[in-house]
Amino acid sequence: MASASSPRAPTLEGEQGIGSEPPVEDNTLAKAASSKPPSFLGQALSLFRASYVVSVLLSATTVNVAAALLIHAFTRDTKKAQGRSVYAICMITSWALKFIPWITIKVKLPPQPIDFEQFILTSNHISFMDLFFIQHTMYLSLSRQAIQRVRLIYWEKLGTIPLVKRMFTLTGGVPIKILGSSSLKEGDNKYCKESVKSVYEAVDRAVLQDKLSIALSFEGRRNPAPPTLSKIQRGMFKMQQQYNLPVVLIRLRGVEKIWAAEGIPSGTGLVECQMLPHAYRWPSLQAYEEGLRAVYERGEDDPLPPLPPSPPPSLATTATEAMAKVMGMLEKEAARVLEGEEEGRGDEGGAAVAPTE
């Protein structure tokens, strides 16, 4: 059943005579127009838009790298420098996207900035331009501290571009190698086993030692047919289970109109970005896959109940903690008394053996 806001089917104006045949719409001309190649002016305009968008994104990346280099130059701690660089890059990217006038970006913000101590950040993957919209959404939806804790798992071949590789290095990114070419016609992602092992080792250090958050795509490669998801990878579910981290979801809509999975960034229109207001932990692989399809394919804003708050301590737990505190106090008092007695004995012995002149 269509909603009140959904577009209605076009209707024919005018009255229809009694007994007359219903009008039949002739789509011959429309089909011919749609199959007609674009004019020279249309092609030139598309190439102009594509070159302009690439120049804006390239300029933003250059400024991002310069800012990150300055931050590293004045910050001794590498972890802090990487975090501050992540925040600066999100801010600069958010500002740079405003210089593309034919792209309208609508960000649906959560009720309040999300500020988990640690989390997994993920999004659907449509285009090479996704990362810029994700950074824009992060800047508007996450607290500064949460942004600074994010480290990205990225496709290794992006590192063949020196400027992009430098940016990922300065922000603590973790590369992963996908086997085969970059063509989307090869089907499912096939990852290099050694690369996957090194990624898990890097994630283990980041999460357990450095107390950082991880960002990755659950689809892997770009999806040529959104909003239907491509194969959902299980790596994110394994990380969620292993580290017991909440998952924060970003949903992108309309990016393919600007820059499709295979093509150039010559499109115009509206891009919708949303960070869902709740984070999730899925109890099973089936719930994980169904939850992602509910969010990205069916457009549900809240497909699962939010993470429950920590349960209040039971009476038994409270009594045990109180007893432990009392025992600790008694042990400290006993140790203090014993130390006082030993000091008294030491003073008496010292007087007995004091040297004489």
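The values are calculated or read from the model by the stated rules, or taken from the named source; none is laboratory data. On a predicted model such as this, the values are computed, not experimentally measured, just so you know. Every residue, glycine among them, receives a Cβ derived from its backbone with ideal geometry; neighbour counts consider all protein chains shown.
Every test in (1) at pLDDT 90 or above; (2) outside any helix (DSSP H, G or I) is passed by E262 save one, and that test is (1).
Here V65 meets each of (1) modelled with pLDDT of 95 or more; (2) β-branched (V, I, T); (3) farther than 19 Å from G172 by Cβ with one exception, condition (3).
Would you mind stating whether E194 is of a type outside the set (A, V, I, L, M, F, W, C) and farther than 21 Å from V56 by Cβ? Yes: the conditions hold for E194.
Taking every residue in region 49-78 that is more than 20 Å from G159 (Cβ to Cβ) and pairing it with any residue that is in a loop (DSSP other than H, G, I, E, B), at least 6 positions away or on another chain, the pairs with Cβ-Cβ distances below 7 Å are R49/W102; R49/S266; A50/I264; A50/P265; A50/S266; V53/I100; V53/P265; V56/I100.
In region 196-246, the residue that is surrounded by the fewest Cβ atoms within 10 Å (Cβ to Cβ) out of those that are modelled with pLDDT under 95, among the hydrophobic types (A, V, I, L, M, F, W, C) and assigned to a loop (DSSP other than H, G, I, E, B) is A225. Checking each residue in region 247-289 for being surrounded by fewer than 18 Cβ atoms within 10 Å (Cβ to Cβ), within 23 Å of P224 (Cβ to Cβ) and under 19 Å from the mean Cα position of the chain (by Cα) picks out E272, E289. Checked against the criterion of being touching a His at 6+ places or on another chain (Cβ under 7 Å) and crowded, with 17+ Cβ neighbours inside 10 Å, the candidates S123, S94, S141 yield just one match: S94.
Whenever a residue of region 85-108 is of a type outside the set (D, E), its partners that are in a strand (DSSP E or B), lying with C-beta atoms within less than 6 angstrom and at least six residues away or across chains, give the pairs V86/V150; T104/L270; I105/V271; K106/E272; V107/C273; K108/Q274.
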